[in-house]
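Accompanying notes for the structure given below.
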Amino acid sequence: MRAWLAAVVVSCLSAMAAAQGTSYPTKPVTIVVPAAPGGVTDALGRTLAQRFTEAWGQQVIVENKPGANNQIAAEYVTKAAPDGYTLLIGPEVTFVVNPSLYPKLAYDPVKGFTPISGLVTINHALIVNPALPAESVKDLITLAKQKPGEINYGTFGVGSSGHLNMELFQALSGAKFQAVHYKGATPALTDVMAGHIQMMFISVGSAVPQWKADKVKFLAGKRMALLPDVPTVAESGLPGYEAVSWFGLFGPPGMPADVVAKINAEVRKIFADPEIKKSFLERQYFESIAGTPEQLTNYIKADEPKWRKVIQDAKVKGE
């Protein structure tokens, strides 16, 4: 009798889980964005929210929780109910940089989340003020070695991709630059154009309009269909160098597999849509990495050792 009752309970629980997956969502879903409105992360969140709402017939809202290098948003989501109604747009910094940047985190970057799907990669461009006498990466390295520490560069915060990309550049090239930390990419870009600082790494999508307007020089980026003639840093004298950020969609730990599968399928459908490719991905110079949860996990595993070494070698400490 007990065995029969246990079997009935297991059967009922399985049926409830299956029903949850097929009926999900039955109430509004929140996508937490660890950045202020208006930036790349926010744009990703709002694109997903709009498409999810249309597909599911339930309201999907974006909640911005910026601060502490994504830690505020990450802590909020890791403690949320694992029912699929609270999701996180997670930049790679959250998972592969912060563990080495800070002695203690309020979340576990490995066990504290359920990976759902990769979203996009963002390729970074190396741009300089037009007055800087460097027309290539090789020119810049030569100039920097002649004037060690005299050429400065902008970041969008200690430990940001704009900061660590340059630390890696210095480590591989032997050149030395002076960091100037800003609270965002936009003010740093403004000062590069004005000549208050000499250069920075910034997303290709942010760099191209200023380059086309002759406000900056574009030394390196990534060869893409829309930018076939732009050399990469690796092609310009630093083999193996890559300046790329990625974003993924995560939930709290312990989410039901069928709910994860439903969200994952919708993400892949969104980024396979020709209209999204043209109006969103190509316009921003993004590249889709929508795929399986396992592939997203592999991004974390592959990137963490690389950035841990950069942070430790450069003795970078989080603020």
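The values are calculated or read from the model by the stated rules, or taken from the named source; none is laboratory data. Here the structure is a predicted model, which means the values were calculated and not measured. Glycine also receives a Cβ, built like all others from the backbone with ideal geometry; neighbour counts cover every protein chain displayed. Accessible surface is based on the protein model in full, side chains and every heavy atom, while ligands, DNA and RNA are left aside. Shrake-Rupley method; radii C 1.70, N 1.55, O 1.52, S 1.80 Å.
The figures follow:
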quantity: Filter result (surrounded by 17 or more Cβ atoms within 10 Å (Cβ to Cβ) and free of Cβ contacts under 8 Å to residues at least 60 places away in the same chain) within segment 81-136; calculated: LEU105, TYR107
quantity: Unmet criterion (only one of (1) assigned to a helix (DSSP H, G or I); (2) under 17 Å from PRO109 (Cβ atoms); (3) not aliphatic (A, V, I, L, M)) for ARG283; calculated: (2)
quantity: Some residue of segment 219-226 being in contact (Cβ under 8 Å) with a residue 60 or more places away in the chain, open to solvent by less than 80 Å² (accessible area, probe 1.4 Å), among the charged types (D, E, K, R) and within 23 Å of GLY162 (Cα to Cα); calculated: yes
quantity: Failed item in (1) touching a Leu at 6+ places or on another chain (Cβ under 6 Å); (2) among the β-branched types (Val, Ile, Thr); (3) under 23 Å from GLN284 (Cβ atoms), with THR155 passing the rest; calculated: (1)
quantity: Answer from GLY195, GLY254 - the residue that is surrounded by fewer than 18 Cβ atoms within 10 Å (Cβ to Cβ), out of contact with any strand residue (DSSP E or B) (no Cβ under 9 Å at 6 or more places or on another chain) and touching a residue at least 40 places away in the same chain (Cβ under 8 Å); calculated: GLY195
quantity: Selection within segment 120-133 - at pLDDT 95 or above and either of a type in the set (Phe, Trp, Tyr) or in contact with a helix residue (DSSP H, G or I) (Cβ under 6 Å, 6 or more places away or on another chain) (or both); calculated: ILE127, ASN129
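The rows are residues; the columns are (1) of a type in the set (Ser, Thr, Tyr); (2) part of a helix (DSSP H, G or I); (3) over 30 Å from VAL260 (Cβ atoms); (4) in contact with a strand residue (DSSP E or B) (Cβ under 9 Å, 6 or more places away or on another chain).
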residue: LEU105; (1), (2), (3), (4): no, no, no, no
residue: PRO115; (1), (2), (3), (4): no, no, no, yes
residue: LEU126; (1), (2), (3), (4): no, no, yes, yes
residue: ALA144; (1), (2), (3), (4): no, yes, yes, no
residue: GLY157; (1), (2), (3), (4): no, no, yes, yes
